[in-house]
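I have placed the structure first, in the form of structure tokens, so that the comments after it can refer back to it.
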Amino acid sequence: MSHSLQALDRAHHLHPFTDFKALGEEGSRIIERGEGVYIFDAEGNRILDGMAGLWCVNLGYGRDELVTAAAEQMRRLPYYNTFFKTTHPPAVKLAEKLCALAPAHLNHVFFTGSGSEANDTVLRMVRRYWALKGKPEKQWVIGRENGYHGSTVAGMSLGGMAPMHDQGGPCVPGITHVRQPYWFGEGRFGEGRDQDPEAFGHQCALAIEERILELGEDQVAAFIAEPVQGAGGAIMPPASYWPAVKEVLSRYDILLVVDEVICGFGRLGEWFGSVHYDLAPDLVPIAKGLSSGYLPIGGVLVGDRVADTLVEEGGEFFHGFTYSGHPVCAAVALKNLELMEAEGVVERVRDDLGPYLARRWATLSDHPLVGEARSLGLMGALELIDPASGERFDKALAAGNLCRDISFRRGLVMRSVGDTMIIAPPLVITREQIDELVTLAREALDETARCLAARVADEPPTEERSA
Ligand code: PMP
């Protein structure tokens, strides 16, 4: 059956973020079901989902409570819009719950269907805010190189991923990008080789100020970033970074947008990653873990400063999506947050699982292929290096992708971003399952090292799976 499904898939489906040609030649992996932290493919293999689907399935697979919440809401009211002053109980209750969980100044929500739509909304709100404040010249938004904020044209433009810009045609005007606080890649191995991480972090913050001065100090509307850059490579900034960024932004009266699509809802051991770094964002795009990925929903939390202006002075905001606050998605998101609260999921990540993962994950730093092992909460990264030279691998070897494919075959989902391996397992993972994850990661590294050494990157030795 899996073969016919694969053949059908090959014939019809253009997968996101996938080399279409390679997909046609190699076929896809068909995932059929999930249970807890495991997924099962069409051959019946059990795979530990080290990426929570794709940073989404925080409560794990097979949660009947979420299924029931969806079914009940679908029976009662499957859809109604939230336009023109109408709404419904799930949207109202979800908005109330989100504002109760968020830092005190975030008291409004604009719902969307996804994280990309949330960031489109952010761009429009930011520019509208400054227009209403009588400063329409404040138009520029500063993002970060290699940042990811979605795949719509606005999302792509706010993000700083060069391949997306190359393929996406012209970006939305008035958006520029500054360097990311990626010490391992740019501090240790890049231009500022062997720089002190804190000095490097500070320098990255000052790069924002330099850009502001280049653009004109009254021309910049907002700065957008994730607390920890997720898709860019699980990049935890040096401690010096965020305090210095906050200082720069307040000096020039620039709004702070903190994209919590990945970092929100417990990933870093707080309900919001900005709490971990003591940020007070004006706008907060959310999605993914909001519903544990069971149904698509996103939104923007809006701080009092912006909301007061939009509400008091704005009148109609000519913006919205058919599925803004979709009742079934909102009912599932609400139940997801209630379950997370009742089960103390976020506290467990902060006090127990995060520190435990940090200890266990750090043991991988003795592996010859690993230049750095870092983690925060339940997000971790390994930086692969060439053991022979101690330098980064030749890009043509695609060592990260090789390690990702080997890991998957051995029963662990890891993601590769270049030669950075990433994990972000469901937040309901146990200590024993963290041990299993670390063991599988080590085995994948061992096999990757053997493959690279034998220069048979295209045909890794086939070994028995260990899961
Ligand atoms: N922001 C961040 C930080 C993300 O990681 C993503 C998705 N990976 C998005 C926005 C876009 O979300 P979506 O795919 O739901 O549009």
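The values are calculated or read from the model by the stated rules, or taken from the named source; none is laboratory data. This one's a predicted model, so the numbers in the text were calculated from it and none came from an experiment. Cβ placement follows ideal geometry from the backbone for every residue including glycine, while neighbour counts extend to all protein chains displayed.
Consider only pairs whose beta carbons are under 6 Å apart and that are at least six residues apart or on different chains; among these, list those whose first residue lies in the range 141-160 and is modelled with pLDDT of 95 or more and whose second residue is among the hydroxyl-bearing types (S, T, Y) and in a strand (DSSP E or B).
Here the result reads I142/T176, each pair linking the range 141-160 to a residue that is among the hydroxyl-bearing types (S, T, Y) and in a strand (DSSP E or B).
Can you name the residue in the range 81-118 that is polar (S, T, N, Q) and out of contact with any helix residue (DSSP H, G or I) (no Cβ under 8 Å at 6 or more places or on another chain) and, of all such residues, is surrounded by the most Cβ atoms within 10 Å (Cβ to Cβ)? Don't jump to the end; show me each part of the working.
From the range 81-118, those polar (S, T, N, Q) are 81-82, 86-87, 107, 112, 114, 116; that's our starting set.
Cutting the leftovers down to out of contact with any helix residue (DSSP H, G or I) (no Cβ under 8 Å at 6 or more places or on another chain) gives us 81, 86-87, 114.
On the way: N81: 16, T86: 9, T87: 16, S114: 22.
Among those that are polar (S, T, N, Q) and out of contact with any helix residue (DSSP H, G or I) (no Cβ under 8 Å at 6 or more places or on another chain), it is S114.
Can you tell me how many residues within the range 110-128 are within 11 Å of the ligand (Cβ to nearest atom) and either touching an Asp or Glu at 6+ places or on another chain (Cβ under 6 Å) or within 19 Å of P170 (Cα to Cα) (or both)?
The qualifying residues number 4.
Taking the range 177-198 only, how many residues are closer than 25 Å to E214 by Cα and surrounded by 18 or more Cβ atoms within 10 Å (Cβ to Cβ)?
9
Are any residues in the range 278-304 of a type in the set (D, E, K, R) and in contact with a Cys (Cβ under 8 Å, 6 or more places away or on another chain), and if so, which ones?
K288
When you scan the range 110-118, do you find a residue that is over 19 Å from L295 (Cα atoms) and among the acidic types (D, E), even just one?
Within the range 110-118 (the criterion being over 19 Å from L295 (Cα atoms) and among the acidic types (D, E)), the answer is no, since none of the residues qualifies.
Consider L206 carefully, then state whether it is farther than 26 Å from R128 by Cα and surrounded by 24 or more Cβ atoms within 10 Å (Cβ to Cβ). Walk me through it before giving the result.
Values: farther than 26 Å from R128 by Cα: yes; surrounded by 24 or more Cβ atoms within 10 Å (Cβ to Cβ): no.
No: the conditions fail for L206.
Condition test on A131, is it away from the ligand (no atom under 12 Å from the Cβ) and among the small types (G, A, S)?
Here the answer is yes, as A131 does meet what is asked.
R124 - would you say it is over 22 Å from the mean Cα position of the chain (by Cα), part of a helix (DSSP H, G or I) and in contact (Cβ under 8 Å) with a residue 60 or more places away in the chain?
It is false that R124 is over 22 Å from the mean Cα position of the chain (by Cα), part of a helix (DSSP H, G or I) and in contact (Cβ under 8 Å) with a residue 60 or more places away in the chain.
If you check L283 against the conditions, is it buried (at least 24 other Cβ atoms within 10 Å of the Cβ), more than 15 Å from the chain's Cα centre (by Cα), within 14 Å of the ligand (Cβ to nearest atom) and in the same structural domain as A95 (by TED's automatic domain parsing)?
Answer is yes for this residue.
Which pairs turn up if I take residues in the range 37-55 that are farther than 16 Å from A441 by Cα and look for partners that are part of a helix (DSSP H, G or I) and within 16 Å of the ligand (Cβ to nearest atom) with beta carbon separation below 8 Å, at least 6 apart in sequence or on another chain?
From residues that are farther than 16 Å from A441 by Cα, the pairs are L54/K288; W55/K288; W55/G289.
Test S291 against the criterion of being under 19 Å from the mean Cα position of the chain (by Cα) and closer than 30 Å to A71 by Cβ, and give yes or no. Before you say what the answer is, go through the steps one by one.
Values: under 19 Å from the mean Cα position of the chain (by Cα): yes; closer than 30 Å to A71 by Cβ: yes.
When the stated conditions are applied, S291 passes them.
Can you spot a residue in the range 255-266 that is buried (at least 22 other Cβ atoms within 10 Å of the Cβ), away from the ligand (no atom under 15 Å from the Cβ), more than 16 Å from the chain's Cα centre (by Cα) and of a type outside the set (K, R)?
yes
Would you pick out the residues in the range 392-414 that are closer than 14 Å to L445 by Cα and part of a helix (DSSP H, G or I)?
Of everything in the range 392-414, those that are closer than 14 Å to L445 by Cα and part of a helix (DSSP H, G or I) turn out to be A399, G400, N401, L402, C403, R404, D405, I406, S407, F408, R409, R410.
Could you pull out every one of the helices (runs of 4 or more DSSP H) wholly within the range 1-90 that has 1 or more residues that are more than 28 Å from the chain's Cα centre (by Cα) and at pLDDT below 95?
Passing ranges, in order: 2-12, 20-26.
Here is a list: S365, S389. Which entry is of a type outside the set (D, E), part of a helix (DSSP H, G or I) and free of Cβ contacts under 8 Å to residues at least 60 places away in the same chain?
S365
Could you grab me the full set of residues in the range 134-151 that are surrounded by fewer than 22 Cβ atoms within 10 Å (Cβ to Cβ), charged (D, E, K, R) and more than 16 Å from the ligand (Cβ to nearest atom)?
Answer for the range 134-151, where residues must be surrounded by fewer than 22 Cβ atoms within 10 Å (Cβ to Cβ), charged (D, E, K, R) and more than 16 Å from the ligand (Cβ to nearest atom): K135, E137.
Looking at the range 384-392, can you tell me whether even one residue there is of a type in the set (A, V, I, L, M) and modelled with pLDDT under 95?
Scanning the range 384-392, I find at least one residue that is of a type in the set (A, V, I, L, M) and modelled with pLDDT under 95, so the answer is yes.
Out of the range 392-401, which residues are over 18 Å from E186 (Cβ atoms) and surrounded by 23 or more Cβ atoms within 10 Å (Cβ to Cβ)?
Step one: list which residues in the range 392-401 are over 18 Å from E186 (Cβ atoms), which gives 394, 396-399, 401.
Hit for the range 392-401 is A399, nothing else.
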